[in-house]
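In what follows, a single structure is set out as structure tokens and then discussed.
The values are calculated or read from the model by the stated rules, or taken from the named source; none is laboratory data. This one's a predicted model, so the numbers in the text were calculated from it and none came from an experiment. Here the Cβ positions follow ideal geometry from the backbone for every residue, glycine too, while neighbour counts run over all protein chains shown.
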């Protein structure tokens, strides 16, 4: 029994890190521009598609496809921004309109992929099939990679946010785009870079996760709702919050699955989430100030 | 019957007649369009009028559908009766969500609603004995022999029923939105403090509105059942939630007909494009993008904007306020935030018909004092009474009911509404209204609306903004916005008017007319508590001054004695304004 | 002003597009339209549509049906009853179709039956597995797939007699199909079932489930998942935690995509099916070669059922000598056996198809190998 709990803890961390990876990019856009990007799940899907296509069609080693997928994600994000976000956001009630335009963009991206690559499934070899066994706990190499990259990413992002000029500008815009403009931050450029960064993270997540979940055109829409919940609960815009919340969700699901069916455990987790929202209406990880 | 109602009736009658000629496919498609429109009307209440973005209206929608279907199948209730009953559980759930909305707002509200619908979906998926889980419950087509005796096919009379219901809902919404209820929703959406300051209670209005919204969504779900004839858990899915919300945004948030346009677009566009089945979703996405890019105000903005009716006619004078003779007594109130004592044992009383000035340096606790009196903050100790009536512990809207109304240091208005609409919000307490009288537009109700309108106009005239009543409040120059805030507070017909720095930012001439206005109000019987930094003005206008320093009361008395009070002089020594005070003397 | 013009132009273009597409449909007078519904944007839906297309090609290669070229009108049902009902209604009332073929979901099939009945059309269902589908009071509903109950009767006997497991774990996806399979298994095996779980159709990460099923110590794991990315990932996750008991998929879902997704872990996974592409008949060879030529892959069971839904409809119309009289077509369908790639198919009174062969299928060296039982 104890062994099973340990194994599920490990599973939960890896599953949760997958959630967190998908949520990271969403959290940047949400935190800085206060925009819900419905197309984010499709960016993740495009990253995954890019990786599996390059490995299966062109025979490029998996590990090389990861950065390419990240760049592909960034490019699509920039296009999405040009079509669906930056022209609409400054308008009156822009934040509501962005819901429509990014929703439309997500449909367009998805339809394009289904029409060209088909609905799937396309498997990906990942970094190989070996499994790390530590006593009773076994984790595949790919899952270890996801956990490792996830941790490195969040440290890197946090450092960037705190230490670099770009990070400072991001935080300034996140607090008040108007005030940032006043003190000389190029808000349009920051918005553009934010979108590109979120696309980069989504593409990266897609390429890293696809060996575990297998590519299908629907993978983005399946992941987006969960990611959205994590972003909001983990206090919007906080990288650490997103990772903590994603991993907490993954661990909760895995541990709960020992005792009950997955539907029952989701229902209970959702109910707890609701109670938590009522008790801490500012998000679970929000500092008490504000 | 007024003109707008006539238009609704004629349009509905025409649609009903037209539906008799539609072939089955188009009639069913139209049913779906009407159902989505209803869902849109429902989402529009929360997301449009209350400003609470909901990602989970499928919870109400599915609950209505399941309630109607299960009542009919499991308990043999006539389906059409079941449809009427089905809105009840959905409305009850709405009321619960409404209570929750007081605590959870913004994106958290969206997530909370999403989670509620997800829980219901899981429940319907796993409560096999009741719902048959993922397979779903098959509902027999609820045919009505009476309609069929006229040769109508099912889809046609189903459509007729749906149209009549939608027309009713739109008419109800039109009347509610134009009533004190609708104004209260919009005030809560745009500036909750303003709403509370004039006596609009957030709890009852939000609970009522979201219960209504839930009930309408439930009705929509129930009316969809004869179209699909099978209840399946995807009725609770994010798909319907998203469709409802997006239809409202595309159609025009916070407009009467926007949700209808949006609903029709979302129902008709993907279906009519079936002949290009492979690309229909992509083309639909392009349509959505185009609509938003070309018409950011939503499809409803294509309609000509009717000018809102205003009451120029002040022939019906508002009944005089009942003057309570008792004065407002503040007895040793304290308020601490954490360890900091913002207000420490302050007592004074305000005699009726006078202007009391509250002065003190920045951060002395004047605004806190005002918030305590007006119910926005609860004192840690002490009591506030008007004669026998206790104000301590009452919420801001209740304090407003007792005749104590405040304004805010920072201009607090609903910027998107017109000047006149802003003042109408202030008339909320003028005469209590029930939702029924507003929906039925009873004679007495219409009479009271006229009174409210003319009183609002009178208040605008008092502050000298009568000529501006159709301007957008947010577009007014700063000084006029300050005056408008006073007009809004006046519209609540306060016995005690609490003004927080009304003169800040006013030009010289505006300040002069403000002084004239305040004196006029006092002469009309309004008691005023005034905070301002302009000591010259304060000395000139106030009958009595209270000096607060570091949260403590330093002095109270007429301006001359306060000015000569040694403690006051000492407190102000070294202060920038000390010289000014002497100069004023 | 400019914007209004643009808006009007866009609206005009759209109306023209919809209108043009519609009238081009109506202009095809000398063809026989047959309606095909599937969730076309999903993997299995696409497989079904491709099978149906091959049937139309083969029927037309033989001179069409009653002198008319068969033309398929394919609509997406998107797993949604709302869209499914609308698609069927449109096919019958707008596109002049008398037979609607295809579909995967039993829920949508149940929702479509009243519509079909109201218009006197015929419904030839390909995949829906719920027994209730052929229990309606309408005599023109047919189903080609086996029901979950039929599957269980055959496969569970095989498991009991040949595999003889001591402890069984059952994992099923959360839909009508999965739930029924689970109920049937509980009836067949009783207390031998030591572990069951239901997973969401959207789920893609099965590590927690794999660890739990390992913890149960079952020596046979049965999986019911209609999409290969789920059955494949589940088997892969079990292998990751070092759990390789006897593993089977419930009948009808083991196809060539499965070993692609599961990789080496797929080795030895078995199931049974009513169809195998290796069947040595002329009709099957013709079906498989045409399919391979058009879609560059080997057809599986779903492709077959999609094929049959159109193929048998065409044959029955030929035999009945009518393409519009659905009552007569239904009578002919019931009265005769029909040659298809899987052998001979006959319909019972309720419209349920029988199947004369059962194949044992197993993954060997990364390929699905079928042997007749």
Filtered residues of segment B:153-205 (kept if in a helix (DSSP H, G or I) and in contact with a strand residue (DSSP E or B) (Cβ under 8 Å, 6 or more places away or on another chain)): B:197
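Got a number for residues in segment C:203-241 being facing another protein chain (nearest Cβ under 7 Å), within 17 Å of residue A:264 (Cβ to Cβ) and either without any contact (Cβ under 8 Å) to a residue 12 or more places away in the chain or more than 27 Å from the chain's Cα centre (by Cα) (or both)? Talk me through it step by step, then tell me what you get.
Taking segment C:203-241 and keeping what is facing another protein chain (nearest Cβ under 7 Å), we get C:204-205, C:207-209, C:211-212, C:215, C:228-229, C:232-233, C:240-241.
So of that shortlist, the ones also within 17 Å of residue A:264 (Cβ to Cβ) come out as C:208-209, C:212.
Okay, now just the ones that are also either without any contact (Cβ under 8 Å) to a residue 12 or more places away in the chain or more than 27 Å from the chain's Cα centre (by Cα) (or both), so C:208, C:212.
Qualifying residue count, segment C:203-241: 2.
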Can you find, within segment C:99-120, the residue that is modelled with the highest pLDDT among those that are surrounded by fewer than 24 Cβ atoms within 10 Å (Cβ to Cβ) and assigned to a loop (DSSP other than H, G, I, E, B)? C:120
Using beta carbons and a limit of 6 Å, which pairs, at least six apart or on different chains, have the first residue in segment B:284-297 and facing chain A (nearest Cβ under 7 Å) and modelled with pLDDT under 80 and the second one surrounded by 19 or more Cβ atoms within 10 Å (Cβ to Cβ) and assigned to a helix (DSSP H, G or I)? B:296/A:97
Could you list, in sequence order, all residues of segment A:4-25 that are more than 14 Å from residue C:205 (Cα to Cα) and facing chain C (nearest Cβ under 8 Å)? A:4, A:7
Residue in segment C:242-261 that is surrounded by the fewest Cβ atoms within 10 Å (Cβ to Cβ), counting only those that are within 11 Å of chain A (Cβ to nearest Cβ) and not in a loop (DSSP other than H, G, I, E, B): C:260
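Determine whether segment C:272-285 contains at least one residue that is farther than 24 Å from residue C:46 by Cα and either touching a residue at least 24 places away in the same chain (Cβ under 8 Å) or at the interface with chain A (Cβ under 10 Å from one of its Cβ atoms) (or both).
Pass one, segment C:272-285, residues farther than 24 Å from residue C:46 by Cα: C:280-282.
Those still in the list that are either touching a residue at least 24 places away in the same chain (Cβ under 8 Å) or at the interface with chain A (Cβ under 10 Å from one of its Cβ atoms) (or both) too: C:281.
Scanning segment C:272-285, I find at least one residue that is farther than 24 Å from residue C:46 by Cα and either touching a residue at least 24 places away in the same chain (Cβ under 8 Å) or at the interface with chain A (Cβ under 10 Å from one of its Cβ atoms) (or both), so the answer is yes.
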Selected residue [within 21 Å of the chain's Cα centre (by Cα) and either assigned to a loop (DSSP other than H, G, I, E, B) or closer than 16 Å to residue B:497 by Cα (or both)] from B:415, B:379: B:415
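Could you say whether any residue in segment B:330-340 is part of a helix (DSSP H, G or I), within 14 Å of another protein chain (Cβ to nearest Cβ), modelled with pLDDT under 85 and surrounded by fewer than 18 Cβ atoms within 10 Å (Cβ to Cβ)? I'd like the intermediate steps shown before the answer.
Filtering segment B:330-340 down to residues part of a helix (DSSP H, G or I) leaves none.
Within segment B:330-340, none of the residues are part of a helix (DSSP H, G or I), within 14 Å of another protein chain (Cβ to nearest Cβ), modelled with pLDDT under 85 and surrounded by fewer than 18 Cβ atoms within 10 Å (Cβ to Cβ).
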When (1) touching a helix residue (DSSP H, G or I) at 6+ places or on another chain (Cβ under 7 Å); (2) crowded, with 23+ Cβ neighbours inside 10 Å are applied to residue B:479, the one that fails is (2)
Does segment B:418-426 contain any residue that is assigned to a loop (DSSP other than H, G, I, E, B) and either farther than 19 Å from residue B:545 by Cα or touching a strand residue (DSSP E or B) at 6+ places or on another chain (Cβ under 8 Å) (or both)? no
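Consider residue C:174 carefully, then state whether it is without any contact (Cβ under 8 Å) to a residue 60 or more places away in the chain and within 12 Å of chain B (Cβ to nearest Cβ).
Working: without any contact (Cβ under 8 Å) to a residue 60 or more places away in the chain: yes; within 12 Å of chain B (Cβ to nearest Cβ): yes.
Answer is yes for this residue.
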Can you confirm whether segment C:262-269 contains a residue that is buried (at least 17 other Cβ atoms within 10 Å of the Cβ) and more than 23 Å from residue C:371 (Cα to Cα)? no
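When you look at residue A:73, is it touching a residue at least 60 places away in the same chain (Cβ under 8 Å), under 20 Å from residue A:45 (Cβ atoms) and in a loop (DSSP other than H, G, I, E, B), yes or no?
Working: touching a residue at least 60 places away in the same chain (Cβ under 8 Å): yes; under 20 Å from residue A:45 (Cβ atoms): yes; in a loop (DSSP other than H, G, I, E, B): no.
No.
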Could you tell me whether segment B:254-275 includes any residue that is facing another protein chain (nearest Cβ under 10 Å), part of a loop (DSSP other than H, G, I, E, B) and within 14 Å of the chain's Cα centre (by Cα)? yes
Can you tell me how many residues within segment A:32-64 are crowded, with 24+ Cβ neighbours inside 10 Å and assigned to a helix (DSSP H, G or I)? 15
Considering segment B:89-128 alone, what residues qualify as being without any contact (Cβ under 8 Å) to a residue 60 or more places away in the chain and more than 10 Å from chain A (Cβ to nearest Cβ)? B:96, B:127, B:128
Among helices (runs of 4 or more DSSP H) completely within segment A:113-184, the ones holding 2 or more residues that are surrounded by 12 or more Cβ atoms within 10 Å (Cβ to Cβ) and within 12 Å of chain C (Cβ to nearest Cβ) are A:141-163
Unmet criterion (only one of (1) closer than 23 Å to residue C:147 by Cβ; (2) at pLDDT below 90; (3) surrounded by 15 or more Cβ atoms within 10 Å (Cβ to Cβ)) for residue C:373: (3)
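Go over the candidates C:316, C:320, C:353 one by one and state the one that is closer than 22 Å to residue C:102 by Cβ, crowded, with 19+ Cβ neighbours inside 10 Å and under 18 Å from the mean Cα position of the chain (by Cα). I'd like the intermediate steps shown before the answer.
Values: C:316 fails: under 18 Å from the mean Cα position of the chain (by Cα); C:320 fails: under 18 Å from the mean Cα position of the chain (by Cα).
It is C:353.
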Over segment C:326-342, the set of residues surrounded by 15 or more Cβ atoms within 10 Å (Cβ to Cβ) and touching a residue at least 60 places away in the same chain (Cβ under 8 Å) is C:326, C:329, C:330, C:333, C:341, C:342
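For segment B:526-542, give me the residue count where each residue is within 30 Å of the chain's Cα centre (by Cα) and surrounded by fewer than 14 Cβ atoms within 10 Å (Cβ to Cβ).
Going residue by residue through segment B:526-542, those that are within 30 Å of the chain's Cα centre (by Cα) are B:526-531.
Now narrow it down to the ones that are surrounded by fewer than 14 Cβ atoms within 10 Å (Cβ to Cβ): none.
Matching residues across segment B:526-542 total 0.
For segment B:135-147, check the following and say yes or no: at least one residue is closer than 30 Å to residue A:269 by Cβ, outside any helix (DSSP H, G or I) and in contact with a strand residue (DSSP E or B) (Cβ under 6 Å, 6 or more places away or on another chain).
Checked against the condition, which is being closer than 30 Å to residue A:269 by Cβ, outside any helix (DSSP H, G or I) and in contact with a strand residue (DSSP E or B) (Cβ under 6 Å, 6 or more places away or on another chain), segment B:135-147 yields at least one hit.
Can you pull out every residue in segment A:225-244 that is in a helix (DSSP H, G or I) and either within 11 Å of chain C (Cβ to nearest Cβ) or more than 12 Å from the chain's Cα centre (by Cα) (or both)?
Of everything in segment A:225-244, those that are in a helix (DSSP H, G or I) and either within 11 Å of chain C (Cβ to nearest Cβ) or more than 12 Å from the chain's Cα centre (by Cα) (or both) turn out to be A:225, A:226, A:232, A:233, A:240, A:241, A:244.
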With the condition kept exactly as written, say whether any residue in segment B:55-78 is at pLDDT below 90, closer than 26 Å to residue B:266 by Cβ, assigned to a helix (DSSP H, G or I) and more than 9 Å from chain A (Cβ to nearest Cβ). no
Residues in segment B:20-46 that are at pLDDT below 90, in contact with a helix residue (DSSP H, G or I) (Cβ under 8 Å, 6 or more places away or on another chain) and farther than 18 Å from residue B:271 by Cα total 1
